[in-house]
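The values are calculated or read from the model by the stated rules, or taken from the named source; none is laboratory data. Everything numeric here is computed off the predicted structure, so don't read it as measured data. Here the Cβ positions follow ideal geometry from the backbone for every residue, glycine too, while neighbour counts run over all protein chains shown. Each accessible area value is taken on the protein alone, full model and side chains, heavy atoms only, with ligands, DNA and RNA left out. Shrake-Rupley method; radii C 1.70, N 1.55, O 1.52, S 1.80 Å.
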Amino acid sequence: MIDLHAHSIASDGTDSPEQLIQKAADAGLSAIALTDHDTIAGIRPAEKMAQKLGIEFIPGCEISTSTAEGRFHILGLWVPSGNEKFDAYLQHLKDMRKIRNEKIISRFNDFGIPITLKDVEAEAHGSQADYEPSIGRPHFAAALMRKGLVNSRSEAFAKWIGEQGLAYVPKAVPHTEEAIQILAAIGALPILAHPFLKLQDEATLDHLLPRLKQNGLAGIEVWHSKHSQDQVETLQRLAKKHDLGVSGGSDYHGLNKPAIHIGTGENNLRIPYQVLDDLKMSLKRGRSNV
Ligand code: AMP
Ligand code: FE
Ligand code: FE
Ligand code: ZN
């Protein structure tokens, strides 16, 4: 079995990249992808650990994007390290996050809530470990809890930082098409992540997929901790119809999403190695077309 979607302390997970790889190996997985939000800072240490443990490693990331039909996360599998163009792109995404985080802080301060960017950054465990983690709302939630300003993560989102929250600021994100194009151009494999997580319906996806494919989309994430069996079947049908590959992963976040386990998700996720073999074929075809 394999898992092609997981987060470390380089974004909003709670395991170091090394711990994450260790857990994947302990779970008996044959392959694991690290796909932190908008960053590849955890790739190198994860790769080293994977070599040591003899587990296949796929360097990846997950980019937040939006297009006419809504907000979508795009997974890039087999992202290169040391690619100037891609590094500059990720730096740009990080700068946009920083601007947004500062706006959220000033909203809190407008409400008289004494929270600082330092408090929030301190919740990104990667800060201490020198991963320059990508900071987002889960870190705000953790800071609010630590200061006793809310009792739970869900209260933090409901009251403050969720879309209906008092301090909510939308993140300025790149166009879905642009992110897909960039990933394809650097020789990575762009995959539409958890298409049903934000309540998109089948008709919307059916309409959207041809356009994303034209821009270089290679596949969709069919298996995911939050997809029902019905949704899995719908996505398999859509992938077939639009001649797209299929991928799958747990979206493991460590203690930030404690119900999700590496490899098995919320219990019964089982993604066979064949899925990875097919994606490798698709990657080869994509690279030879560039
Ligand atoms: P950001 O990229 O900063 O907008 O943060 C997105 C992260 O916040 C994702 O990893 C989500 O899992 C998490 N998130 C979004 N909404 C909620 C919610 N209502 N409760 C808990 N976590 C959430
Ligand atoms: Fe996340
Ligand atoms: Fe996601
Ligand atoms: Zn994810």
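Determine, for each peptide in 244-253, 131-140, the mean count of other beta carbons within 10 angstrom over its residues, then list the peptides with the highest first. If you can, show how the numbers build up before the last one.
Numbers: 244-253: 25.3, 131-140: 22.9.
My ranking of the peptides, most packed first, is 244-253, 131-140.
Taking Cα centroids, how far is the range 183-255 from the range 147-165 in Å?
29
To two decimal places, what compactness ratio does the range 46-103 give when its Cα radius of gyration is scaled by 2.2 N^0.38 Å? Don't skip to the end; give the middle numbers.
Details: Rg = 14.8 Å, N = 58, 2.2 N^0.38 = 10.3 Å.
With N residues counted in the range 46-103, Rg over 2.2 N^0.38 Å equals 1.44.
Over 26 Å between Cα atoms, which of Lys94/Lys198; Lys85/Lys213; Lys98/Lys280; Lys118/Lys226; Lys147/Lys171; Lys98/Lys159 qualify?
Numbers: Lys94/Lys198 23 Å; Lys85/Lys213 22 Å; Lys98/Lys280 35 Å; Lys118/Lys226 32 Å; Lys147/Lys171 24 Å; Lys98/Lys159 22 Å.
Exceeds cut-off: Lys98/Lys280; Lys118/Lys226.
Estimate the FRET efficiency between Lys85 and Arg211 by the formula 1/(1 + (r/R0)^6), using the beta-carbon distance for r and 30 Å for R0, to the nearest 0.05. Kindly include the intermediate steps, with their values, before the conclusion.
On the way: r = 23 Å, r/R0 = 0.77.
Efficiency for this residue pair is about 0.80.
Give me the percent of the accessible area of the chain that comes from carbon and sulfur atoms, probe 1.4 Å, all protein chains in place.
Values: 6590 of 13100 Å².
Looking at the chain in its full context, I get 50 percent from C and S.
Counting only protein chains, not ligands or nucleic acids, how are Thr234, Thr176 ordered by accessible area (probe 1.4 Å), most first?
Numbers: Thr234 20, Thr176 0 Å².
Final ranking, largest accessible area leading: Thr234, Thr176.
Taking the Kirkwood radius as the inverse of the mean 1/r across Cα pairs, report the Rg/Rh of the chain. Could you put the intermediate results ahead of the total?
Details: Rg = 18.3 Å, Rh = 19.2 Å.
Value, to two decimals: 0.95.
So between Lys52 and Gln164, what do we pick up on full extension, going 0.36 nm a residue minus the alpha carbon distance? Don't jump to the answer; show the numbers that get you there.
Details: separation 112, 0.36 × 112 = 40.32 nm, distance 4.54 nm.
Taking 0.36 nm per residue and subtracting the Cα distance, the gain is 35.8 nm.
To the nearest 10 degrees, how steep is helix 202-214 against the longest Cα principal axis of the chain, on a 0 to 90 scale?
70
Averaging sequence separations of C-alpha pairs under 8 Å and six or more residues apart, then dividing by the length of the range 207-268, give the relative contact order as a whole percent. Provide the component values of the computation, followed by the final result.
On the way: 70 pairs, mean separation 19.9, N = 62.
With pairs under 8 Å counted, the relative contact order is 32 percent.
Using a Gaussian network model of the chain whose springs link C-alpha atoms within less than 10 Å, name the residue from Gly187, Gly254, Gly162 with the highest mean-square fluctuation.
Maximum fluctuation in the GNM of the chain, among the listed residues, is at Gly162.
Rounded to the nearest 500, what is the chain's calculated 222 nm mean residue ellipticity when only DSSP H runs of at least 4 contribute -39500 (n - 2.57) each, over all residues? Please list the in-between numbers first.
Details: 9 runs with 116 residues, N = 290.
Result for the chain, helices only: -12500 deg cm²/dmol.
Which percent of Cα-Cα pairs in the range 19-75 sits in each 10 Å bin, short to long?
Final binned percentages: 24, 43, 21, 11, 1.
So what is Rg over Rh here for the range 155-290, counting just Cα atoms and using Kirkwood for Rh?
1.00
Give the angle, between 0 and 90 degrees and rounded to the nearest 10, that separates the Cα long axis of helix 43-53 from the longest principal axis of the Cα atoms of the chain.
For 43-53 against the chain, the angle is about 60 degrees.
Please give the solvent-accessible surface of Asp38 in Å², to the nearest 10, using a probe radius of 1.4 Å with every protein chain present.
In the full protein context, Asp38 sits at about 10 Å².
In Å and from the alpha-carbon atoms only, list the Rg and Dmax of the range 102-181.
13.7, 43
Using C-alpha positions alone, give me the convex hull volume of the range 1-51 per residue in cubic angstrom. Don't jump to the answer; show the numbers that get you there.
Values: hull volume 3.0 nm³, N = 51.
For the range 1-51, the hull spanned by Cα atoms encloses 59 Å³ per residue.
Averaged per residue, what accessible surface does the chain expose to a 1.4 Å probe, in Å²?
Working: 13100 Å² over 290 residues.
With the other protein chains kept in place, the chain gives 45 Å² per residue.
Taking a quarter of the surface of the convex hull around the Cα atoms of the range 216-290, what do you get in nm²? The partial results should precede the final answer.
Details: hull surface 22.3 nm².
Quarter of the Cα hull surface area: 5.6 nm².
What shape does the range 169-222 have by the C-alpha gyration tensor, where a ≥ b ≥ c are the square roots of the eigenvalues, rounded means a/c under 1.5, and otherwise prolate means a/b greater than b/c and oblate the rest?
Working: a/c = 1.78, a/b = 1.19, b/c = 1.49.
It is oblate, given that a/c is not under 1.5 and a/b is not larger than b/c.
Looking at the range 146-199, I'd like the Rg to Rh ratio, where Rg is from alpha-carbon atoms and Rh is Kirkwood's inverse mean 1/r.
Numbers: Rg = 16.5 Å, Rh = 14.1 Å.
Result: Rg/Rh = 1.17.
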